[in-house]
Amino acid sequence: MAENQNRSQHGMWSSGTLFVLAAVGSAVGLGNIWKFPYITGDNGGGAFLLVYLICICLIGFPVMMAEIMLGREGRMSPINSLLKLARESNRSSKWSWIGWAGTVGGIIILSFYAVVAGWITYYIFRLFSGEFVNTDAEVVSSAFDLFLKDPWQVFLWFTIFMAVTVFVVARGVNKGLELAIRICMPLIFVLLIVLLVYGVAQGGFWEGFKFMFQVDFSKLKLNGLLVAMGHAFFTLSIGMGAIMAYGAYMPQGESLKSAVWIIVVVDTVVALVAGLAIFSIVFADGLSPAQGPGLLFVTVPLAFGDLPLGSIFGGLFFLFVAFAAFTSAISLTEPALAYFVEKYNVSRVVVAITIGFITWVLGIGSVFSFNLLSGFTPVFGWTIFDFFDKITQWFFLPLGGLAIAILVGYFLPKDRVWSALEINSSWAQIIWKALICVIAPVSIAVVFVLTIVQHFVS
Ligand code: TRP
């Protein structure tokens, strides 16, 4: 019985290393390679990057520790783990609402995430075909625009990506993940370095570097703060229970602190290298850094098109990025999956197919946001894609993170938290308290209120 309490009914990661790999797989994805460069470009570079890095350190780090801990202490789906911990600490069962918000949030994120992952999947074949060998920026850019304007093409690749995700998720999170991540992450990194070297050779590196690291606050609008903070949550996969669900399968006795260090460092390094590579290409080819979601799909094909064996390496690049997207997508389904398996006692296969179907239907709006429904912008002029992207990144994730910080900081017994996190020395306890009780929640609240007031009220 005692042993059962330390195991999850859904299975366990066979080792601490596998937990770290899975969490890195969840963290590193389109957020790092597709989204980070383009939002950094849209928000003017340096100052935005600085705010983002501060959010990672002061908010991301403690919230991730807290979230994984909640999962590992609860050993169930986020909803039921929170319920269990709240009861054990004599707190209101309403804390499980964090789990609900996250479970729904994960499905919403996946619905548009899989659309972009579908673009990536299409580009695997597009690059292998040699279409972009020795072309120029205009051709690559209009090729991307034309693709997005073709609703059925986008729909097809989105559907393919969803189908593969459901297939793998149905078989259980453990299988195959380790291999995919161990092989895929280093290879992505190698190809990013190739792109970086290309940028250096083409003479764009220095300007790209300055764009990213020269801090000029006059370029950062207030809303950029919220974008930076929201992205810190998004890229680390925190604030909605995904990492909590993975934490539930983390073996006892593995150090949570070192796991979080590794996840945060790897995630940040991948984003920075991707950004440097892409901005080097941007400046080498005289492109605009602020061209939005198409940035990756213009720069990377252009660079590989110029390199020897570029169509092969370019195809492989998109293949590895698709894998990275895939290991992230899997984590987005886990909170809902675990919950419905617990609740209805049905098999993972049935639940996976159901969740996959709901996500697929929800994603259709995002598929058509770039073509058939591009003029349908009832809320704040946002397309359906923008709407899902923004409500999750600006609202669900920061508010989920805020609630997690408050729960762990103020409502769980201190001794339990400290022993779970192995925070023993008194100075470590002071730092932890400062971070989780004050710095993280106050900064989230301040950024949130400031930007929301400015955005929606003025
Ligand atoms: N972190 C992933 C990325 O950067 C996306 C992701 C996976 C995610 N799971 C999540 C985002 C949970 C928020 C919450 O691509």
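A protection proxy built from the mean count of other Cβ atoms within 10 Å ranks the segments 426-439, 324-337, most packed first, as 324-337, 426-439.
Residue by residue, segment 158-168 carries 3J(HN,Hα) couplings of 4, 5, 4, 4, 4, 4, 5, 4, 4, 4, 6 Hz when phi is fed to the Karplus relation 6.51 cos²θ - 1.76 cosθ + 1.60 (θ = phi - 60°); x denotes Gly or Pro. In terms of Cα to Cα distance under 26 Å, which lysines are near enough to Lys35, apart from those fewer than 8 places away along the same chain? Answer for Lys35, where 26 Å is the Cα cut-off: Lys149, Lys210, Lys219, Lys221, Lys390, listed by chain and number.
Given only helices, namely DSSP H runs of n ≥ 4 each adding -39500 (n - 2.57), what is the per-residue ellipticity at 222 nm of the chain, to the nearest 500 deg cm²/dmol? Before the final figure, lay out the partial values.
Working: 22 runs with 320 residues, N = 458.
Only helices count here, giving -22500 deg cm²/dmol.
In segment 82-121, the portion of solvent-accessible area held by carbon and sulfur atoms comes to 59 percent [1.4 Å probe, whole percent, DNA, RNA and ligands not counted].
Hey, can you rank 192-205, 396-409 by average C-beta count inside 10 Å, highest first? List each step's numbers first, then the result.
Details: 192-205: 18.8, 396-409: 23.8.
My ranking of the peptides, most packed first, is 396-409, 192-205.
Starting from a Cα-only point model with no solvent, please compute log10 I(q)/I(0) by Debye for the chain at q = 0.08, 0.10, 0.14 1/Å. With one equal scatterer per Cα and no solvent, log10 I(q)/I(0) is -0.43, -0.69, -1.37.
For segment 303-360, the fraction of 1.4 Å probe accessible surface lying on carbon and sulfur atoms is 77 percent.
The mean sequence separation of alpha-carbon pairs under 8 Å and at least six residues apart, normalised by the residue count of the chain, gives a relative contact order of 35 percent. For segment 243-346, pairs of C-alpha atoms spaced more than 18 angstrom apart make up 66 percent of the total.
I'd like to know how segment 1-155 sits against the 2.2 N^0.38 Å rule of thumb: what's its Cα Rg over that expected value?
Numbers: Rg = 21.1 Å, N = 155, 2.2 N^0.38 = 15.0 Å.
So the Cα radius of gyration is 1.41 times the expected 2.2 N^0.38 Å.
Counted residue by residue at 0.36 nm each, then reduced by the alpha carbon distance between them, the extension gain from Ile353 to Val197 reaches 51.9 nm. Between the helical axis of 177-201 and the longest alpha-carbon principal axis of the chain there is an angle of about 40 degrees.
Working with all protein chains in place, sort Ile188, Ile183 by solvent-accessible area computed with a 1.4 Å probe, largest first. Before the final figure, lay out the partial values.
Values: Ile188 5, Ile183 90 Å².
Correct descending sequence by accessible area is Ile183, Ile188.
Of Arg7, Arg126, the residue with the largest accessible area leads and the full order is Arg7, Arg126 (1.4 Å probe).
The long axis of helix 16-27 is offset from the longest Cα principal axis of the chain by roughly 50 degrees. Accessible surface calculations at 1.4 Å, restricted to protein heavy atoms, place the chain at 38 Å² per residue.
At the listed q of 0.15 Å⁻¹, the Debye profile of segment 355-458, built from one uniform point per Cα, gives log10 I(q)/I(0) equal to -0.78. These residues, Ile353, Ile107, Ile181, go from largest to smallest accessible area, 1.4 Å probe, as Ile353, Ile107, Ile181.
The values are calculated or read from the model by the stated rules, or taken from the named source; none is laboratory data. No experiment lies behind these values; they were computed from the predicted model shown. Virtual Cβ from ideal backbone geometry, glycine too; neighbours counted across all protein chains shown. With ligands, DNA and RNA removed, areas are computed over all heavy atoms of the protein, side chains included. Shrake-Rupley method; radii C 1.70, N 1.55, O 1.52, S 1.80 Å.
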